[in-house]
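Everything on this sheet refers to the single structure shown next.
The values are calculated or read from the model by the stated rules, or taken from the named source; none is laboratory data. Here the structure is a predicted model, which is why all the values come from computation and not from measurement. Glycine also receives a Cβ, built like all others from the backbone with ideal geometry; neighbour counts cover every protein chain displayed.
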Amino acid sequence: MPLYEHVFIMRQDLSNTQAEGLVEHFSAVLTDNGGSVSETEYWGVKTMAYKINKNRKGHYAYLRTDAPATAVQEMERLMRLHDDVMRILTIKVDAHEEGPSAQMQKREERRERR
């Protein structure tokens with residue numbers, strides 16, 4: 001099955017538990033449709049470069065998945081219909097990187113990678 005990476009932004013007025021609950025909900029949608037989620041990361045509330053729907057900040061989440069295209073399309077369809085999700089980015093990758101994403105690494109570790 002193809003490998004994907006998903007990043008999505010949720011509204012800033014959600015609590016941390018509600019945002020993590022949404023991440024679990026969308027992970028369950030993928031697994032119910034025949035895919036698997038290899039890793040999830042909740043990046044927390046971050047300031048955005050520009051306002052989206054009158055929001056200056058948002059909860060960011062990241063998923064690494066191995067799922068068929070139909071499962072990804074269904075998850076994206078449900079995300080677009082959900083009022084709390086503001087933006088979605090899905091990228092098809094050849095292989096997942098080992099370890100945490102660049103957002104979760106400390107600055108010192110990022111310098112060592114170069």
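For segment 56-82, taking the residues that are within 12 Å of GLY34 (Cα to Cα) and among the hydroxyl-bearing types (Ser, Thr, Tyr), the one that is nearest to the chain's Cα centre (by Cα) is identified as THR65. For segment 36-59, the criterion of a residue being farther than 25 Å from THR17 by Cβ, modelled with pLDDT of 90 or more and part of a loop (DSSP other than H, G, I, E, B) is satisfied by no position. Residues in segment 1-14 that are closer than 22 Å to GLN103 by Cα and not acidic (Asp, Glu): LEU3, TYR4, HIS6, VAL7, PHE8, ILE9, MET10, ARG11, GLN12, LEU14.
For LEU22, indicate whether it is surrounded by 11 or more Cβ atoms within 10 Å (Cβ to Cβ), more than 11 Å from the chain's Cα centre (by Cα) and not in a strand (DSSP E or B).
no
For segment 26-41, the condition holds for no residue, the condition being that it is over 15 Å from TYR4 (Cβ atoms) and touching a Phe, Trp or Tyr at 6+ places or on another chain (Cβ under 7 Å).
Counting the residues of segment 20-58 that are of a type in the set (A, V, I, L, M) and farther than 25 Å from GLU97 by Cβ gives 1.
Could you check segment 1-52 and list, in sequence order, the residues that are aromatic (Phe, Trp, Tyr), out of contact with any strand residue (DSSP E or B) (no Cβ under 7 Å at 6 or more places or on another chain) and within 15 Å of MET79 (Cα to Cα)?
Matches in segment 1-52: PHE26 only.
Every condition in (1) assigned to a loop (DSSP other than H, G, I, E, B); (2) under 23 Å from PRO100 (Cα atoms) holds for THR17 except the one numbered (1). Mind checking whether some residue in segment 16-35 is touching a Leu at 6+ places or on another chain (Cβ under 8 Å) and either on the phi > 0 side of the Ramachandran plot or touching a residue at least 60 places away in the same chain (Cβ under 8 Å) (or both)? Yes, there is a match, as at least one residue in segment 16-35 is touching a Leu at 6+ places or on another chain (Cβ under 8 Å) and either on the phi > 0 side of the Ramachandran plot or touching a residue at least 60 places away in the same chain (Cβ under 8 Å) (or both).
Of everything in segment 60-79, what is outside any strand (DSSP E or B) and closer than 17 Å to LEU14 by Cα? Give them in sequence order.
MET79, the sole residue that qualifies.
Return a yes/no flag: does segment 55-64 have any residue that is touching a residue at least 24 places away in the same chain (Cβ under 8 Å), over 22 Å from MET104 (Cα atoms), in contact with a Pro (Cβ under 7 Å, 6 or more places away or on another chain) and not basic (Lys, Arg). So far as segment 55-64 goes, no, none of its residues is touching a residue at least 24 places away in the same chain (Cβ under 8 Å), over 22 Å from MET104 (Cα atoms), in contact with a Pro (Cβ under 7 Å, 6 or more places away or on another chain) and not basic (Lys, Arg).
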